[in-house]
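Take a look at the structure set out below.
Values in this text are rule-based calculations from the coordinates and carry no lab data. Here the structure is a predicted model, which means the values were calculated and not measured. Methodologically, a virtual Cβ is constructed for each residue, glycine included, from the backbone with ideal geometry; neighbour enumeration extends over all protein chains shown.
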Amino acid sequence: MMTLGLFDQFMSPVFLGIPLILIALSLPWILFPRPTAHWLDDRLLALQGHFVNSFTQQILQSVNPKGHKWAVLFMTLMLLLVTLNTLGLVPYTFTPTTQLSLNMALAAPLWLA
């Protein structure tokens, strides 16, 4: 009979000695665009540019012009959160944003700034 502890559900699953969260975290780097001579002809890059532009417009429409200097930080944070929350769709992984430590590590410096 196997007994489980209360917090065993939060342990990172392991397959063949490799933590699956490392594989899931490396997945966005596979989709990261690589420099080529055809920057304008690449469909994936055009799609990524469209999403970045629409995210930026959504984030900055409620911010006054003095707050536009924070655009790069907000875009980076938005893309990080979207990527981390998408990891929850991968089987046998959980979303890292469910941990309070990650949320506090992101929230405290932004609040202090």
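Quick look at the numbers
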{"item": "FRET efficiency for H68 and V90, using Cβ-Cβ distance with R0 set to 35 Å, rounded to 0.05", "result": "0.50"}
{"item": "Computed label-point distance, nm, for sites L20 and F51 using a 7 Å Cα→Cβ extension", "result": "2.2"}
